[in-house]
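The values are calculated or read from the model by the stated rules, or taken from the named source; none is laboratory data. Keep in mind that this is a model prediction, so the values were computed, not measured. Positions of Cβ are generated from backbone atoms using ideal geometry, with glycine treated the same way; all protein chains shown enter the neighbour counts. Surface areas here come from the heavy atoms of the whole protein model, side chains and all, with no ligands, DNA or RNA. Shrake-Rupley method; radii C 1.70, N 1.55, O 1.52, S 1.80 Å.
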Amino acid sequence: MQFFSGRFKEKASHLILDFHSSINFDKRLYKYDIMGSIAHVRGLGKQGIIPVSDCELIEKTLREILNDIEEGKITFSIEYEDIHMNIEKILIDRIGDVGKKLHTGRSRNDQVALDMKLFTKDEIVKVQAQLLDLLEIINGIAKENISTYMPGFTHLQKAQPVSFSHYILAYAEMFRRDFIRLKNAAALADTSPLGSAALAGTTYPLDRNFTSSILGFSSPTWNSMDSVSDRDYLIEIMNAFALIMVHLSRFCEEIIIYSSNDFGYIELSDSFSTGSSIMPQKKNPDAAELIRGKSGRVFGDLMALLTTMKGIPLAYNKDMQEDKENFFDSLDTVKGCLAVFNGMIHTMTVKKERLLAAAAQGFINATDVADYLTEKGMSFRDAYKIVGGMVAYCIDNNTTFEEISIETYKEFSPLFDKDIYEMISIKNCVEKRCTLGGPGKESITAHIKFLDEFINESESIVTDYKLNDIL
Ligand code: ARG
């Protein structure tokens with residue numbers, strides 16, 4: 001059977017078949033295509049457009065085809081271009097003329113728009129589940145490291161002391177925003193284009209509310225021309241994916257630096273590290289590097305789809321078929337990276353002593369020495385200048401704020417007293433910073449509690465999720 005045989009006299013060249021066929025990548029939509037067809041055929045029957053007995057036979061056969069695909073019994077052919085025509089062809093092969101009625105009042109344009117939305121809704125929840133796992137892992141590490149003091153950096157120069165909890169919870173906030181971004185973007189995929197047909201709806205009295213609701217959408221779309229050519233939601237989701245990769249990549253960059261010999265702040269487990277083929281001593285953070293590297297392709301996928309979409313006139317154009325490889329690649333990359341990343345940080349060791357030792361160097365309590373003078377009545381600018389001089393003195397004399405005598409302190413300012421040592425201990429420097437969102441114990445504990453609540457509340461989005469009851 002040739003779908004276009006009425007209009008075309010010559011057979012398609014093999015070149016063009018190869019070129020425009022999408023079956024090799026859109027076959028992964030098979031389940032959603034069958035779901036959409038079942039909804040459509042039920043709608044046709046309900047509205048009396050085709051006999052109910054035909055609908056039942058079509059639905060039964062579609063279910064059998066689904067089974068056969070899942071059991072690996074079906075080979076698709078590029079001759080039938082894409083998953084939509086391949087399945088329709090198999091249906092017609094099996095039940096003849098009745099099968100030919102399925103495509104009544106439908107076009108591949110609303111069909112593919114529908115399939116992609118169903119697929120996307122299902123997949124986004126999986127990524128959200130991975131993000132929640134990650135948040136849980138991070139929060140677990142945070143709970144164990146409230147008093148693990150470490151240097152905080154700006155410009156990759158030691159700046160002020162923080163705790164490992166405070167540090168890692170910064171990433172929790174990034175991934176929490178990613179979760180929310182995905183939730184918002186997924187809402188844009190939640191409208192059904194089925195019934196928009198090629199671009200202008202159809203003369204058949206389809207009940208679009210009925211098919212939308214049995215497919216689990218919140219409502220049908222409002223404009224048939226937009227419905228078949230809207231790929232905004234994919235771009236939004238790919239944007240959310242790109243940001244996930246930005247965050248993973250930044251985290252990986254730090255894991256690479258922090259696990260290096262010179263830092264030694266963390267150690268990756270052997271199971272998430274690799275060796276060198278020549279240097280026996282090496283333990284490399286390849287997984288972190290690969291995740292950092294893979295961010296490039298996810299950004300590229302986003303740019304590619306934005307560029308593809310920018311000049312397309314209404315309504316459907318074949319350019320839009322390019323959405324799939326970009327979106328699938330971006331999705332698979334993000335899912336793969338999150339799976340590895342979650343395992344990698346779940347099994348890493350936080351080197352508490354090393355972090356504390358690093359915090360004791362680099363004058364990271366200099367601001368606190370200045371704050372001490374300010375508390376005693378000096379203006380911050382004057383205090384800043386005095387402490388700057390003290391840092392220079394310490395560097396020249398190879399000493400630290402902790403080591404210089406109280407007499408030396410007093411030479412810099414008579415306002416210094418013995419309590420200075422206590423005031424500038426790393427522990428104190430962190431714990432005094434108790435502003436909301438700061439590293440102090442109280443604010444960290446509140447943040448951890450907030451995150452636990454966020455995870456609990458969000459879990460239902462994942463656990464209660466069901467696309468629809470069609471299958
Ligand atoms: N394989 C096509 C795609 O992914 C399906 C829609 C084709 N429609 C058409 N009129 N050629 O976009």
Item checked: 1.4 Å probe accessible area per residue over region 262-369, in Å² -> 48 Å²
Notebook entry, point to check: Cα atoms only, region 125-208: Rg and Dmax in Å?
Noted result: 22.5, 70
Next item on the list: Apply the Karplus parameterisation 6.51 cos²θ - 1.76 cosθ + 1.60, with θ equal to phi minus 60°, to every residue of region 389-395 and state each ³J(HN,Hα) to the nearest whole Hz, in sequence, with x for glycine and proline.
Entry: x, 5, 4, 4, 4, 4, 4
Next item on the list: Please give, to one decimal in nm, the separation of the simple spin-label points placed at ASP226 and VAL52, each 7 Å out from Cα toward the Cβ.
Entry: 3.7 nm
Notebook entry, point to check: So how much slack lies between GLU457 and THR347, counting 0.36 nm per residue of separation and subtracting their Cα-Cα distance, in nm?
Noted result: 37.0 nm
Next item on the list: With everything on Cα atoms, drop me the angle between helix 286-309 and the longest principal axis of the chain, reported from 0 to 90° to the nearest 10.
Entry: 50 degrees
Notebook entry, point to check: Karplus couplings for region 251-262 from phi (6.51 cos²θ - 1.76 cosθ + 1.60, θ = phi - 60°), rounded to Hz, Gly and Pro as x?
Noted result: 4, 5, 4, 6, 4, 5, 5, 5, 8, 5, 4, 5
Next item on the list: Provide the FRET efficiency to the nearest 0.05 for the THR374-VAL246 pair, computing r from the beta carbons and using R0 = 30 Å.
Entry: 0.20
Next item on the list: Take the chain, drop everything but the C-alpha atoms, weight them equally and run the Debye formula without solvent; then report log10 I(q)/I(0) at 0.12 Å⁻¹ to two decimals.
Entry: -1.04
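Would you kindly work out the equivalent ellipsoid of region 15-69 from its C-alpha gyration tensor and give its semi-axes, the square roots of five times the eigenvalues, largest first in whole Å? Before the final figure, lay out each step's value.
On the way: eigenvalues 148, 35, 17 Å².
Over the Cα atoms of region 15-69, the semi-axes work out to 27, 13, 9 Å.
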Check: Is the shape of region 215-329 rounded, prolate or oblate, going by the alpha carbon gyration tensor and its root eigenvalues a ≥ b ≥ c, with a/c under 1.5 for rounded and a/b larger than b/c for prolate?
Finding: prolate
Next item on the list: For helix 83-95, report the angle its Cα long axis makes with the longest principal axis of the Cα atoms of the chain; keep it between 0 and 90° and round to the nearest 10°.
Entry: 40 degrees
Next item on the list: May I ask you to evaluate 6.51 cos²θ - 1.76 cosθ + 1.60, the Karplus curve with θ = phi - 60°, for each residue of region 190-202 and list the ³J(HN,Hα) values in order in whole Hz, giving x for glycine and proline?
Entry: 8, 10, 8, x, 4, x, 7, 6, 5, 6, 10, x, 8
Note to self: Can you give me the long-range amide H partners of VAL162? Hydrogens built in the peptide plane at 1.01 Å from N, cutoff under 5 Å, separation of 5 or more residues or another chain.
What the structure shows: MET150, GLY152
Check: Roughly how many Å is it from the Cα centre of region 69-138 to that of region 170-186, as a whole number?
Finding: 28 Å
Item checked: Helix 52-70 vs. the chain, principal-axis angle (Cα, 0 to 90°, nearest 10) -> 50 degrees
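Please return the longest stretch of the chain lacking exposed loop sites, where GluC sites (Glu not before Pro) count only if DSSP places them in a loop and at most 16 other Cβ atoms lie within 10 Å.
Working: sites that count: GLU10, GLU71, GLU402, GLU403.
The longest such stretch corresponds to 72-401.
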Notebook entry, point to check: Modelled label-to-label distance, SER77 and ARG63, 7 Å Cα→beta-carbon offset: nm?
Noted result: 2.8 nm
Next item on the list: Could you please state how large a percent of the accessible area of the chain is carbon and sulfur, counting protein chains only and using a 1.4 Å probe?
Entry: 54 percent
Notebook entry, point to check: With a ≥ b ≥ c the root eigenvalues of the C-alpha gyration tensor of region 87-171, is it rounded (a/c under 1.5), prolate (a/b larger than b/c) or oblate?
Noted result: prolate
Next item on the list: For LYS351, enumerate residues with amide H under 5 Å from its amide H, sequence gap 5+ or separate chain, H modeled in the peptide plane.
Entry: ILE266, GLU267
Check: Binning every alpha carbon pair distance of region 322-467 at 10 Å from zero, what are the percents per bin?
Finding: 9, 24, 24, 16, 14, 10, 4, 0
Next item on the list: Mind running the shape call on region 1-158? Use the C-alpha gyration tensor, a ≥ b ≥ c as the square roots of the eigenvalues: rounded below 1.5 for a/c, prolate if a/b tops b/c, oblate otherwise.
Entry: prolate
